[in-house]
1. Consider residue 87 carefully, then state whether it is in contact with a Ser or Thr (Cβ under 6 Å, 6 or more places away or on another chain) and farther than 12 Å from residue 167 by Cβ.
2. Select from segment 13-40 the residues that are over 22 Å from residue 92 (Cα atoms) and open to solvent by less than 50 Å² (accessible area, probe 1.4 Å) and list them in ascending order.
3. Can you tell me which residues in segment 136-153 are open to solvent by 40 Å² or more (accessible area, probe 1.4 Å) and in contact (Cβ under 8 Å) with a residue 60 or more places away in the chain?
4. Whether any residue in segment 162-179 is without any contact (Cβ under 8 Å) to a residue 60 or more places away in the chain and hydrophobic (A, V, I, L, M, F, W, C) is what I want to check.
5. Quick one: residue 116 ticks every box in (1) open to solvent by 60 Å² or more (accessible area, probe 1.4 Å); (2) outside any loop (DSSP other than H, G, I, E, B) bar one, so which box is it?
6. For segment 162-208, give me every one of the helices (runs of 4 or more DSSP H) that falls completely inside it and has 1 or more residues that are crowded, with 16+ Cβ neighbours inside 10 Å and touching a helix residue (DSSP H, G or I) at 6+ places or on another chain (Cβ under 9 Å).
7. Is there any pair with a first residue in segment 120-131 that is over 11 Å from residue 105 (Cα atoms) and a second that is open to solvent by less than 100 Å² (accessible area, probe 1.4 Å) and assigned to a loop (DSSP other than H, G, I, E, B) whose Cβ atoms are under 6 Å apart and which are 6 or more apart or on different chains, and what are they?
8. From the residues in segment 79-97 that are acidic (Asp, Glu) and out of contact with any Cys (no Cβ under 6 Å at 6 or more places or on another chain), which one is surrounded by the most Cβ atoms within 10 Å (Cβ to Cβ)?
Amino acid sequence: MAGTLLVPPSGIPLERLVQMAMERGYTVQGEMFSVADMGRLAEEALGCRAELLHGGLGGANREHVLQHLVAGHPLLIPYDEDFNHEPCQRKGHKAHWAVSTGVLLGVQGVPSPGYAEDPELPGLFHPVPSVPHQPPSLPEEGSLGAVYLLSKQGKSWHYQLWDYDQVRDSNLQLTDFSPSRAADGRAYVVPAGGVRAGLCGQALLLRP
């Protein structure tokens, strides 16, 4: 899903990606409990650059992540998935992957030249393609309702707007392997150090 957002776009079928991951020992059932392995798979399969982010989506990483999205590049995030695909906190028991392809920023004033107001939603501005514009000022961390990620879970057909802080918090508490998976008798690839070492506080920034 992230491959289609890269230039040139990648049209590799999901089945082929899973096959490559299995051949390289990254997965058995289609699970991916290592952000590092996902990055290596992305670089090989999609021909992109994958930057591995450590330390969570907040703090010093926050502006870097938002500028990456503002520039039009996708972000791959492991998180705990709720019943409606939105982020939740289950200590990693519901760990899944999501791709974020854009960001909605709540700003104090009308953006600088280079942005056009949406014809159907007053107050919503989009950057005009091929027109120079300054990136918008980023809301301060902790500003309620100010930053949303345009995201979708890997198997969902629909994009949703997720509160940035909820995604950050879900990503930062991925610590345990699901007891139901541990008891289902199936084999999984879990890195040394477990889910905490493989997923917690990590994400991938993809660039062409």
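1. no
2. Matches in segment 13-40: 17, 20.
3. 138, 141
4. No, segment 162-179 contains no residue that is without any contact (Cβ under 8 Å) to a residue 60 or more places away in the chain and hydrophobic (A, V, I, L, M, F, W, C).
5. Going through the list (1) open to solvent by 60 Å² or more (accessible area, probe 1.4 Å); (2) outside any loop (DSSP other than H, G, I, E, B), residue 116 breaks only (1).
6. Output list reads 164-171, 194-198.
7. Once the first residue is over 11 Å from residue 105 (Cα atoms) and sits in segment 120-131, its partners that are open to solvent by less than 100 Å² (accessible area, probe 1.4 Å) and assigned to a loop (DSSP other than H, G, I, E, B) give 127/133; 128/114; 131/114.
8. 81
The values are calculated or read from the model by the stated rules, or taken from the named source; none is laboratory data. Bear in mind that the values here come from a model prediction, so they are computed numbers and not experimental data. We place every Cβ from the backbone using ideal geometry, glycine too, and count neighbours over all the protein chains shown. Heavy atoms of the whole protein, side chains included, go into the accessibility calculation; ligands, DNA and RNA do not. Shrake-Rupley method; radii C 1.70, N 1.55, O 1.52, S 1.80 Å.
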